1. Of all the residues that make up segment 115-145, how many are under 14 Å from residue 9 (Cβ atoms), more than 19 Å from the chain's Cα centre (by Cα) and part of a loop (DSSP other than H, G, I, E, B)?
2. Which of the residues that make up segment 199-220 are in contact with a helix residue (DSSP H, G or I) (Cβ under 9 Å, 6 or more places away or on another chain) and assigned to a loop (DSSP other than H, G, I, E, B)?
3. Quick one: residue 8 ticks every box in (1) in a loop (DSSP other than H, G, I, E, B); (2) more than 19 Å from residue 217 (Cβ to Cβ) except a single one, so which number is it?
4. Look through segment 34-88, keep the residues that are modelled with pLDDT under 95 and assigned to a helix (DSSP H, G or I), and return whichever of them is farthest from residue 119 (Cα to Cα).
5. Report, by residue number, each residue of segment 177-198 that is in contact with a helix residue (DSSP H, G or I) (Cβ under 7 Å, 6 or more places away or on another chain) and modelled with pLDDT of 95 or more.
6. Scan segment 150-170 for residues that are surrounded by fewer than 16 Cβ atoms within 10 Å (Cβ to Cβ) and either in contact with a strand residue (DSSP E or B) (Cβ under 6 Å, 6 or more places away or on another chain) or part of a loop (DSSP other than H, G, I, E, B) (or both) and report the count.
């Protein structure tokens with residue numbers, strides 16, 4: 001199956017490089033997306049909006065020839081992008097995989113309080129992140145991540161997602177690969193009606209599987225992440 005891989009904040013398509021071998025070995029064809037404004041640290045991000053990132057994922061779906069079904073994989077904030085893209089192309093999406101992420105609700109933003117004058121949203125210092133975020137990131141991996149990190153367009157942080165009226169997206173089989181927050185915690189949040197997982201609770205066909213590590217499993221456990229994606233698509 002054609003698999004469209006969408007990275008989260010501060011990363012381009014190369015973030016998936018160490019995950020790809022497990023996918024190709026299983027017979028899949030991966031397509032790692034570099035989102036607008038994430039081409040390089042020097043790119044102009046002043047005019048980039050969240051809609052541009054959703055459009056890029058939709059374009060990646062449309063670029064798969066023959067109208068073949070695709071799988072979408074979104075990491076972190078990329079989960080909101082793949083969900084919004086599945087809303088636009090429900091007939092093309094066979095499965096959605098959320099890597100330490102989940103579907104975003106109508107109007108939900110990653111950081112609506114980011115000041116309006118921030119154009120380049122930089123990767124925070126390690127001590128500004130939660131300890132659970134960086135589990136599995138050795139000093140070497142942290143250095144590599146920091147060196148490759150690209151500022152995130154501020155508009156994509158502040159702006160909320162907008163979904164259409166095509167509720168067929170709710171029927172698409174979906175898998176959440178839970179990393180820093182275990183599946184049991186996610187299920188407890190869903191049972192309590194927490195807004196963080198409100199859209200996940202609306203899905204008609206989903207599973208949550210554990211891959212214990214930090215927020216960036218493509219760096220800390222890439223082979224295991226690849227295997228988890230393969231297993232999800234075999235379901």
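The values are calculated or read from the model by the stated rules, or taken from the named source; none is laboratory data. Worth saying up front: this structure is predicted, and the values here are computed from it rather than measured. Virtual Cβ from ideal backbone geometry, glycine too; neighbours counted across all protein chains shown.
1. Step one: list which residues in segment 115-145 are under 14 Å from residue 9 (Cβ atoms), which gives 118, 120-124, 128-129, 133, 145.
When the remaining residues are screened for being more than 19 Å from the chain's Cα centre (by Cα), the result is 118, 120, 128.
Cutting the leftovers down to part of a loop (DSSP other than H, G, I, E, B) gives us 118.
Qualifying residue count for the region: 1.
2. As a first pass, look at segment 199-220 and keep what is in contact with a helix residue (DSSP H, G or I) (Cβ under 9 Å, 6 or more places away or on another chain): 199-211, 213-220.
The answer is 203, 204, 205, 211, 213, 214, 215, 216.
3. (2)
4. We begin by selecting, within segment 34-88, every residue modelled with pLDDT under 95; these are 65-68.
Filter once more, keeping what is assigned to a helix (DSSP H, G or I): 65-67.
Values: 65: 35, 66: 38, 67: 36 Å.
Ranking the candidates gives 66 first.
5. Pass one, segment 177-198, residues in contact with a helix residue (DSSP H, G or I) (Cβ under 7 Å, 6 or more places away or on another chain): 177-180, 186, 189-190, 196-197.
Answer for segment 177-198, where residues must be in contact with a helix residue (DSSP H, G or I) (Cβ under 7 Å, 6 or more places away or on another chain) and modelled with pLDDT of 95 or more: 177, 178, 179, 180, 186, 189, 190, 197.
6. Start the filter on segment 150-170 by keeping residues that are surrounded by fewer than 16 Cβ atoms within 10 Å (Cβ to Cβ), which leaves 160, 162, 164-168.
Filter once more, so that each one left must be either in contact with a strand residue (DSSP E or B) (Cβ under 6 Å, 6 or more places away or on another chain) or part of a loop (DSSP other than H, G, I, E, B) (or both): 160, 162, 164-166.
Residues flagged as surrounded by fewer than 16 Cβ atoms within 10 Å (Cβ to Cβ) and either in contact with a strand residue (DSSP E or B) (Cβ under 6 Å, 6 or more places away or on another chain) or part of a loop (DSSP other than H, G, I, E, B) (or both) within segment 150-170 amount to 5.
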